[in-house]
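For reference, the structure discussed in these notes is given below.
Read-outs: derived from the displayed coordinates by stated rules, not from any lab. This structure is a prediction, so every number in the text was calculated from the model and none was measured. With ideal geometry, Cβ positions are generated from the backbone for all residues, glycine too; neighbour counts draw on all protein chains shown.
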Amino acid sequence: MRQFPFSSKLQRMSVVSRGLNAKHFVLFTKGSPEIIRSLCKEGIPADFLQVQDTYTKRGLRVIAMAYRKLSMNYLKVQRATREELEWELTFLGLVVLENRLKPQTTGDNLLTALSVARECGLMTPKEQGVLIDTDTSGMLQMTTENNEPVSDGVFASPFRFVVTGRALELIFKNSEVAFHQVCVRGTVFARMSPDQKQILVEGLQHLGYFVGMCGDGANDCGALKAAHMGISLSEAEASVASSFTSKTPDISAVPAVIREGRAALATSFGVFKYMAAYSVTQHVSVLFLYWIGSGLGDFQFLYIDLALITALVFLGKRTDELS
């Protein structure tokens, strides 16, 4: 009957439906477990967080489901706002999905993303993950992978920050020093809104890093445009904002773009050095000839430009590949 599309800001989507011969409309909502839990009035089991952590630590994607019976007629359902419908829900359960590791994989939940990062080599087993998130009151909270408070001993050992978008934005607004530390030591950034992605890219650029960004949707446009090397993985909205568009929907284009960039840079320097050496050599030779009261004739200049320089141009191609 009605659909509320997924929003990266709200982290959920909903549909309103009614079964055959049913008297009431029913709202079904799915989204991140944290958000669905905050919207539910009943049905939340006591071990909700423990079960969620068990699955996310194994690298599984967890989606929460909830519903609400609506005491409204068809007209009121069509006119009601999203906020009026998505509250006082009844928890249904968790849907657990397995994303097998591919050459390109991302994760939503912090622990899911952390597990994927370890599996694909972004973090070594010896590096401790420090999770930075916000609680229900909007305050920062910092815990270890085992959901324990962070002690000074954690920072004495190798560690990496695992940060949510809301936590990153809160740090950005309150402490520039802490924000730069999170940018440098952060390995996993999960649940990022479009503005938060752009904040991260610009923060790394402010520290002197050259930033590359891959994205395939409209929510990546800001970060793609801000990055030094923006690569769109689709020909949709992201391709308009990015500098490059990949024909394959994966990150295999990144090494190719880097190689082409280095080749173009080497070519530019090579041409500059060639023109400088050619001009200086000819200038010095003409000065010496003038010193002894002589000079190059027109045919001699023509011979230099056509014969010698052309030979150098063709021979210059027969060099070893840039490593």
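Output the Cα-based Rg and Dmax of the chain in Å, rounding Rg to one decimal and Dmax to a whole number.
So, for the chain, Rg and Dmax equal 29.5, 110 Å respectively.
Using Cα-Cα distances under 8 Å and only pairs 6 or more residues apart, what relative contact order does the chain have, in percent?
Once normalised by length, the contact order is 9 percent.
Measure of size requested: the Rg and Dmax of segment 255-312, with Cα atoms as the atom set and Å as the unit; please supply both.
Spelled out, the Cα radius of gyration and Dmax of segment 255-312 are 16.7, 57 Å.
By how many degrees, 0 to 90 and rounded to 10, does the Cα axis of helix 253-291 deviate from the longest principal axis of the chain?
Approximately 20 degrees, to the nearest 10.
Roughly how tilted is helix 110-119, in degrees to the nearest 10 and between 0 and 90, from the longest Cα axis of the chain?
Approximately 50 degrees, to the nearest 10.
Compute the long axis of helix 165-174 from its Cα atoms, compare it with the longest principal axis of the Cα atoms of the chain, and write down the angle in degrees, 0 to 90, nearest 10.
Taking Cα atoms only, the helix is inclined about 70 degrees.
Just how large is the dipole of segment 1-67 about the Cα centre, in debye to the nearest 20, putting +1 at every Lys and Arg Cβ and -1 at every Asp and Glu Cβ?
Computed about the Cα centre, the dipole is about 280 debye.
Roughly how many debye, to the nearest 20, is the charge dipole of segment 221-323 about its Cα centre, given +1 on each Lys and Arg Cβ, -1 on each Asp and Glu Cβ, and no other charges?
Here segment 221-323 has a charge dipole of around 160 debye.
If you take every residue apart from SER246 with its C-beta less than 12 Å away from the C-beta of SER246, what net charge results, scoring Lys and Arg +1 and Asp and Glu -1?
That sum, taken over residues with Cβ under 12 Å, equals -2.
Under 18 Å from the 7 Å Cα→Cβ point of ARG2, by amide nitrogen: which residues of segment 76-93?
What the label zone holds, given the 18 Å backbone N cut-off, is 76-90.
How much length would be gained if the chain were fully extended between ARG79 and ASP298, taking 0.36 nm per residue of separation minus their Cα-Cα distance, in nm to one decimal?
70.2 nm
Hey, what's the per residue convex hull volume over the C-alpha atoms of segment 1-99, in cubic angstrom?
Hull volume over Cα atoms, normalised by residue count, gives 108 Å³.
Label point 7 Å out from VAL96 along Cα-to-Cβ: which residues of segment 33-65 have amide N under 17 Å?
Counting backbone N atoms under 17 Å from the label point, the list is 33-34, 45-65.
Quick one: putting +1 on the C-beta of Lys and Arg, -1 on the C-beta of Asp and Glu, what dipole do you get for the chain around its Cα centre, in Debye to the nearest 20?
1040
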